[in-house]
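Just below is one structure, and these are the notes that go with it.
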Amino acid sequence: MLKNRYLTQYVLDDLSEKMVFIEGPRQVGKTTLAREFVAKQFRKTGYYNWDSRTDRRKIMQSNWPGNAELIILDEIHKYKKWKSFVKGGFLWKQK
């Protein structure tokens, strides 16, 4: 059984208004928080891990589901130009 993290609600609240970045030491549950708690609050999500060649190609092509409510880019910090990519690569619609 997964333990709900105290950060979960803060992340969900912030996602209603902006991008959220989760950082921390290795093996503390960042991916679990994103995939198991946050993503389950949305009907359609896209999860992509930079460490996967297939996912990396999809990231570089911005190949995500058009109806996705949430896109998770795991390990994106390993991409040298990740800040420019994230800043310019997403168009956000206002609710």
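List the pairs whose first member sits in the stretch 4-32 and is within 18 Å of GLU69 (Cα to Cα) and without any contact (Cβ under 8 Å) to a residue 40 or more places away in the chain, whose second member is of a type in the set (Gly, Ala, Ser) and outside any helix (DSSP H, G or I), and whose Cβ atoms are under 6 Å apart, counting only residues at least 6 apart or on separate chains?
Here the result reads none, with nothing in the stretch 4-32 linked to a residue that is of a type in the set (Gly, Ala, Ser) and outside any helix (DSSP H, G or I).
From the set of residues in the stretch 58-95 that are over 18 Å from LYS30 (Cα atoms) and among the β-branched types (Val, Ile, Thr), which is modelled with the highest pLDDT?
Here the residue is ILE59.
Of all residues in the stretch 33-77, how many are outside any helix (DSSP H, G or I), under 9 Å from the mean Cα position of the chain (by Cα) and of a type in the set (Gly, Ala, Ser)?
Total satisfying the criteria: 1.
Would you confirm whether any residue within the stretch 34-42 is over 14 Å from ILE72 (Cα atoms) and among the aliphatic types (A, V, I, L, M)?
Initially, the stretch 34-42 is screened for residues over 14 Å from ILE72 (Cα atoms), giving none.
Scanning the stretch 34-42, I find no residue that is over 14 Å from ILE72 (Cα atoms) and among the aliphatic types (A, V, I, L, M), so the answer is no.
What is the number of the single condition among (1) touching an Asp or Glu at 6+ places or on another chain (Cβ under 7 Å); (2) loosely packed, with under 11 Cβ neighbours inside 10 Å that PHE42 does not meet?
(2) is the only condition that PHE42 fails.
The values are calculated or read from the model by the stated rules, or taken from the named source; none is laboratory data. Computed from a prediction, not measured in an experiment: that's the story for all the values here. Counting neighbours? That spans all protein chains shown, and the Cβs are built from the backbone with ideal geometry, glycine included.
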